[in-house]
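The values are calculated or read from the model by the stated rules, or taken from the named source; none is laboratory data. Note that this is a predicted model, so its numbers are computed, not measured. Counting neighbours? That spans all protein chains shown, and the Cβs are built from the backbone with ideal geometry, glycine included. For accessibility, only protein heavy atoms count, side chains too; no ligands or nucleic acids. Shrake-Rupley method; radii C 1.70, N 1.55, O 1.52, S 1.80 Å.
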Amino acid sequence: MKKNHFTILPVVLSGGSGTRLWPLSRELYPKQLLPLTGERTMIQNTVTRLESISGVGPPLIVCNESHRFMVAEQMRLINVRPSAVVLEPVGRNTAPAVAVAALQAMKSGNDPVLLVLPADHVIKDIAAFSKAVTEGARLAEGGSLITFGIVPDKPETGYGYIRKGKRLSSRQAGRLTGWHVDRFEEKPDMEKAQRFASSGEYLWNSGMFMFRASRYLEELKRFAPDILSACRKTFKGAVRDLDFTRLDQEAFSDCRSESIDYAVMEKTDSAVVIPLDAGWNDIGSWSALWEVLEKDQNGNAVSGDVILQDVSNSFIYAGNRLVTAVGVKDHIIIETADAVLVAEKDKAQKVKNIVAHLKTQKRDEALLHRRVNRPWGAYESIDCADRFQVKRITVNPGACLSLQKHHHRAEHWIVVRGTALITKGSEVITVTENESTYIPLGTMHRLENPGKIPLELIEVQSGSYLGEDDIQRFDDKYGRKGSSK
């Protein structure tokens, strides 16, 4: 990337769980890590669309602790090495997340312009976006706190709004039009949204910002000193863990949860909004995703093995098997290995209520898919009943699971592809295709793939308790301490 007189540090916020896109998005595998609009995932698109902007450095990513290995792998796949990956032990909204990002950015004595971006937005017009960011950086250099307001193309009740105030002078605004922020508005009802959209005075609140790291911390100290104090304490207790910066859990948990809007942007007199008309969408629901996808002559967006008859203006996703539909209109039909969603398109926002219900019942479908990614590979549950469970395990070349033992289950491993190096008690054995071994209950063991192709095996568990938290780790190259292999 070309050098400029200022340095822009992208801060990618990747802490959301995307419950409105259930069952494809799960708490432990959320929408920003999914390829919803093409071959690349949402977070990969967020990072790669910055490549043409002059002065942009490697991204600083703030993510949920449980997503860290997936985020790191997705960056590796697009040849991006983040400047830092900061792990949130708990979610505390955007104001604290950006505060710790600013502290991290200034750690080495620099004071870059932060470009704060949610990891899960769609922006189609990259040139328009780049132009707005370049102008925003120039204004941020002068001390302004920039927000990007989306030019509305329809009344929308799902977004907050920003009312434009006084227009910046031509000397201040440069080549783009910028406006002082008059006020922020909460998500309106439809009558108010129609008035906002038709007035020309209001823009959608995109949740994207630009400001110098020091200026954000100054305004946070002015308007929310308790948040800044908690974040400084959190950052002081942060530790390096492999390629990650792990925040102090106790200190961050004590921090008040607040958005940038409430904590700073609605109160500062330095807020400036730059209008952005770039095909933006926050993919906040299935109907929003339907809007940005290519459609057939009947207005249907489809993915996977789908057959339709007399269907219109619908989104049908088949993840694992044939899905057919007859005579439906304005519907969302989403099929995954362990769950199916059917909803009217205009009620798609209510999917989050289903997820809340699943959580109250402590059902795994709210948290993860049948296939679960791990830093060493993945496992997929094939069958489960009382006192037994069958999984398909894939271990990447050169990867290994933790040295561990279980107190309530035994395991039988059958290798179907590749070669396994297995530690079992005091012995180390090699198991190849069509061979198997047995791990008795309470035996210390480890599974490794010494080969150059993925190792695939079938695991049969048996015992009185088969939960993922029945694990005692003795050594783990990925620094994990909790449950799961």
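When you scan segment 183-233, how many residues do you find that are in contact with a Phe, Trp or Tyr (Cβ under 7 Å, 6 or more places away or on another chain) and among the acidic types (Asp, Glu)? Residues flagged as in contact with a Phe, Trp or Tyr (Cβ under 7 Å, 6 or more places away or on another chain) and among the acidic types (Asp, Glu) within segment 183-233 amount to 1.
Close contacts from segment 11-24, counting a first residue that is in contact (Cβ under 8 Å) with a residue 12 or more places away in the chain and a second that is among the basic types (Lys, Arg) and surrounded by 23 or more Cβ atoms within 10 Å (Cβ to Cβ), with Cβ to Cβ under 8 Å and a gap of 6+ residues or different chains, come to Gly16/Lys31; Ser17/Arg26; Gly18/Lys31; Leu21/Lys31; Leu24/Lys31.
Right, Val395: farther than 22 Å from Arg473 by Cβ, hydrophobic (A, V, I, L, M, F, W, C) and at pLDDT 95 or above or not?
Criteria not met by Val395.
Taken over segment 115-149, the criterion of being open to solvent by 30 Å² or more (accessible area, probe 1.4 Å) and of a type in the set (Val, Ile, Thr) is satisfied by Ile126, Thr134. Restricting attention to segment 278-327, the residues that are hydrophobic (A, V, I, L, M, F, W, C), assigned to a loop (DSSP other than H, G, I, E, B) and more than 30 Å from Ala127 (Cα to Cα) total 2.
Taken over segment 436-485, the criterion of being in a strand (DSSP E or B), buried (at least 17 other Cβ atoms within 10 Å of the Cβ) and touching a Leu at 6+ places or on another chain (Cβ under 7 Å) is satisfied by Arg446, Leu447, Glu448.
For Val113, indicate whether it is modelled with pLDDT under 95 and either under 30 Å from Asp248 (Cβ atoms) or among the polar types (S, T, N, Q) (or both).
The answer is no for Val113.
Taking each residue of segment 256-274 that is open to solvent by less than 80 Å² (accessible area, probe 1.4 Å) and looking for partners that are in a loop (DSSP other than H, G, I, E, B) and among the polar types (S, T, N, Q) with beta-carbon atoms closer than 6 Å, six or more apart or interchain, yields Ser257/Asn93; Glu258/Asn93; Ser259/Asn93; Ser270/Ser144; Val272/Ser144.
Would you be able to tell me the number of residues in segment 37-82 that are assigned to a strand (DSSP E or B) and of a type outside the set (Val, Ile, Thr)?
Adding up the residues that qualify gives 3.
Return the residues of segment 304-315 that are surrounded by 13 or more Cβ atoms within 10 Å (Cβ to Cβ) and in contact with a Gly (Cβ under 8 Å, 6 or more places away or on another chain); say none if nothing qualifies.
Listed by number, the residues that qualify are Gly304, Val311, Ser312, Asn313, Ser314.
Of the residues Trp290, Trp280, which single one is in contact (Cβ under 8 Å) with a residue 40 or more places away in the chain, within 30 Å of Thr177 (Cα to Cα) and either open to solvent by less than 80 Å² (accessible area, probe 1.4 Å) or aliphatic (A, V, I, L, M) (or both)? The conditions single out Trp280.
Filter segment 81-91 down to the residues that are in contact with a Ser or Thr (Cβ under 8 Å, 6 or more places away or on another chain) and at pLDDT 95 or above, then identify the one that is surrounded by the fewest Cβ atoms within 10 Å (Cβ to Cβ). Within segment 81-91, the match that is surrounded by the fewest Cβ atoms within 10 Å (Cβ to Cβ) is Ala84.
One residue stands out in segment 236-252 among those that are open to solvent by 40 Å² or more (accessible area, probe 1.4 Å) and part of a helix (DSSP H, G or I): the one that is farthest from Pro82 (Cα to Cα), namely Glu250. Screening Pro58, Pro112 for residues that are more than 12 Å from the chain's Cα centre (by Cα) and surrounded by fewer than 17 Cβ atoms within 10 Å (Cβ to Cβ) leaves exactly one candidate, Pro58. On the given criteria, is Lys424 open to solvent by 30 Å² or more (accessible area, probe 1.4 Å), farther than 24 Å from Glu73 by Cβ, of a type in the set (D, E, K, R) and within 34 Å of the chain's Cα centre (by Cα)? So Lys424 fails the test.
When Lys359 is tested against the conditions (1) surrounded by fewer than 18 Cβ atoms within 10 Å (Cβ to Cβ); (2) touching a residue at least 12 places away in the same chain (Cβ under 8 Å); (3) farther than 16 Å from Ser287 by Cα; (4) in contact with a helix residue (DSSP H, G or I) (Cβ under 6 Å, 6 or more places away or on another chain), the lone failure is (2).
Under the condition of being open to solvent by 40 Å² or more (accessible area, probe 1.4 Å) and within 16 Å of Met70 (Cα to Cα), which residue from segment 18-38 is nearest to the chain's Cα centre (by Cα)? My answer is Tyr29.
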